[in-house]
Amino acid sequence: MTQAPQQQAILVLEDGSVHYGKAFGTIGTTTGELCFNTGMTGYQEVFTDPSYYGQVIIMNTVHVGNYGVKDEDIESSTVKVRGIIARNLEEQFSRRMAQGSLDDYLKANSIVAIEGVDTRALTAKVRTEGAMNCIISSAISDIEELKALLREVPSMNGLELASKVSTQSPYELGDPQSDIRIAVIDYGVKKHILECMVERGAFVRVHPAKVSFEELKSFNADGYFISNGPGDPAPMDYAIATVQNIMKEEKPLFGICLGHQLLALANGIPTFKMHHGHRGLNHPVKNLVTGKCEITTQNHGFGVDPEAVKNADHIEITHVNLNDNSIEGIRIKGKPAFSVQYHPESTPGPHDSRYLFDEFIKMIKEAKN
């Protein structure tokens with residue numbers, strides 16, 4: 001039986017360049033900020049990470065979809081990326097535990113993708129020219145029409161997206177009888193982050209992004225967790241105010257990724273949009289406290305201002321990126337508050353940084369005693 005030819009798909013970048021490939025997933029049109037991920041595995045975890053909301057992602061590994069999909073690999077209930085670009089997207093898969101194909105999964109989640117594209121060249125362009133918006137379409141062939149649609153796409157700079165991916169109502173995980181109670185503020189939290197806390201004996205309540213501080217306090221938490229999430233942290237006045245109120249409680253606070261940026265903003269440190277961001281499973285970070293290095297998973301397009309951090313007497317730099325010396329971790333002097341820019345839960349791996357959850361739990365136990 002002869003397989004029907006794939007439908008054409010077109011990728012247009014903000015700089016005007018046009019790339020042709022083949023359609024995969026849903027037939028349609030999608031837009032977003034172009035970024036790339038250097039991970040060689042974990043594509044389903046990447047696609048369901050809420051921090052990717054609003055972005056079209058270039059997958060750097062050559063074959064994506066070859067081990068199918070399964071429910072245990074998700075980081076949220078739906079695919080969060082706006083579109084996918086790859087060299088080869090695979091309909092067929094080989095994994096006994098898989099529950100279906102990537103193609104069917106993307107169609108079920110209405111995700112437009114394009115394959116047959118020179119992803120190495122695209123990644124080199126983003127590395128050189130910086131992040132830019134793009135449009136993918138397998139439904140429109142008129143280039144000028146696509147360019148007109150692309151001009152309407154807002155810049156990620158100044159875009160508040162966390163409230164769009166947050167839970168709409170609180171929910172709880174873990175043992176309600178636990179003597180470790182953690183209030184999580186969901187700006188786009190990943191499932192495996194919550195599991196890392198529950199596995200260490202915590203009872204967790206996850207709150208919406210715009211939860212009032214009064215409601216947070218009513219949970220009587222022993223510690224607070226500020227989650228990862230998408231978009232620009234600078235316009236999130238509501239979140240910055242919440243973090244400032246939490247710090248007045250003098251209870252342990254741990255922030256990851258966007259949470260790291262919000263902790264910095266709450267302490268007078270500005271953030272900025274990076275040239276092309278950090279996304280992948282292989283970023284080397286040095287822990288300045290222990291002198292040890294760790295290979296980390298990262299996904300962020302914004303960072304904290306390094307000069308402002310260095311000049312702040314009330315903040316200690318705890319981690320730095322060994323590729324570009326960007327700030328990867330801070331601790332607030334005189335306060336039980338710390339954060340990292342990367343993802344210590346790191347699914348599918350590496351797990352070098354999971355000690356940070358142990359440190360958070362230890363901090364909570366010591367504060368209670």
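Annotations
- (1) 36, 22, 19; (2) 34, 26, 19; (3) 44, 31, 18, with the label sought being that of the calculated semi-axes √(5λ) of the Cα gyration tensor in Å: (1)
- Using C-alpha pairs below 8 Å separated by at least 6 residues, the relative contact order for the chain is 15 percent.
- For the range 1-118, the square roots a ≥ b ≥ c of the C-alpha gyration tensor eigenvalues yield an a/c of 1.5 or more together with a/b not exceeding b/c, which makes the shape oblate.
- The range 187-246 versus the range 281-316: alpha-carbon centroid distance in Å: 21
- Considering only beta bridges that DSSP places wholly inside the range 210-369, some 75 percent are antiparallel.
- Of 86, 124, 162, the one that fluctuates the most in a GNM where the chain has Cα springs shorter than 10 Å: 124
- Three-way shape label, the range 251-369, alpha-carbon gyration tensor, a/c 1.5: oblate
- Eligible lysines near residue 368 by straight Cα distance, threshold 26 Å, same-chain separation 8 or greater: 217, 248, 251, 333, 335
- Here the extension length gained between residue 307 and residue 157 equals 52.0 nm, from 0.36 nm per residue of separation less the Cα-Cα distance.
- Two-site label geometry, residue 124 and residue 77: point separation in nm, points 7 Å out along Cα→Cβ: 4.4
- The range 171-215 shape via C-alpha gyration tensor axes, a/c threshold 1.5: oblate
- Evaluated with a Cβ-only charge set (Lys, Arg +1; Asp, Glu -1), the range 213-275 carries a dipole of roughly 180 debye about its Cα centre, given to the nearest 20.
- Bridge type composition, the chain - antiparallel percent by DSSP, nearest 5: 60
- Relative contact order computed over the range 135-219 (Cα-Cα under 8 Å; 6+ residues apart), in percent: 31
- FRET efficiency, residue 148 to residue 324 (Cβ-Cβ, R0 41 Å, nearest 0.05): 0.70
- Cleavage-rule hits (trypsin sites (Lys or Arg not before Pro)) in the range 70-129: DSSP loop, at most 12 neighbouring Cβ within 10 angstrom: 95, 96
- Calculated from the alpha-carbon coordinates, the range 54-152 shows an Rg and a Dmax of 14.8, 45 Å respectively.
- When the chain is treated as a GNM with alpha-carbon contacts under 10 Å, the residue of 272, 357, 213 showing the greatest mean-square fluctuation is 213.
- With the charge dipole of the range 119-244 set up from +1 on Lys and Arg Cβ and -1 on Asp and Glu Cβ about the Cα centre, the Cα lying farthest toward the positive end among the listed residues 236, 185, 119 is that of 119.
- Chain lengthening between residue 351 and residue 210 when straightened (0.36 nm per residue, less Cα-Cα): 47.7 nm
- Among 25, 303, 130, residue whose mean-square fluctuation peaks in a GNM of the chain (springs only between Cα atoms under 10 Å): 130
- Segment residue 292..residue 218, full-extension length gain: 22.7 nm, with 0.36 nm per residue of separation and the alpha-carbon distance subtracted.
- Förster-model FRET efficiency, 25 Å R0, residue 139 and residue 15, C-beta, rounded to 0.05: 0.65
- Hits among lysines - C-alpha to C-alpha of residue 125 under 30 Å, sequence gap 8 or more where chains match: 22, 80, 107, 147, 164, 190, 273, 286
- Theoretical FRET efficiency, 1/(1+(r/R0)^6), r = Cβ-Cβ of residue 95 and residue 359, R0 35 Å, to 0.05: 0.50
FYI, it's all coordinate maths here, none of it is from the lab. Predicted, not measured: the structure shown is a model, and the values here were computed from it. Ideal geometry is used to build each Cβ from the backbone, glycine not excepted, and the neighbour counts take in all protein chains shown.
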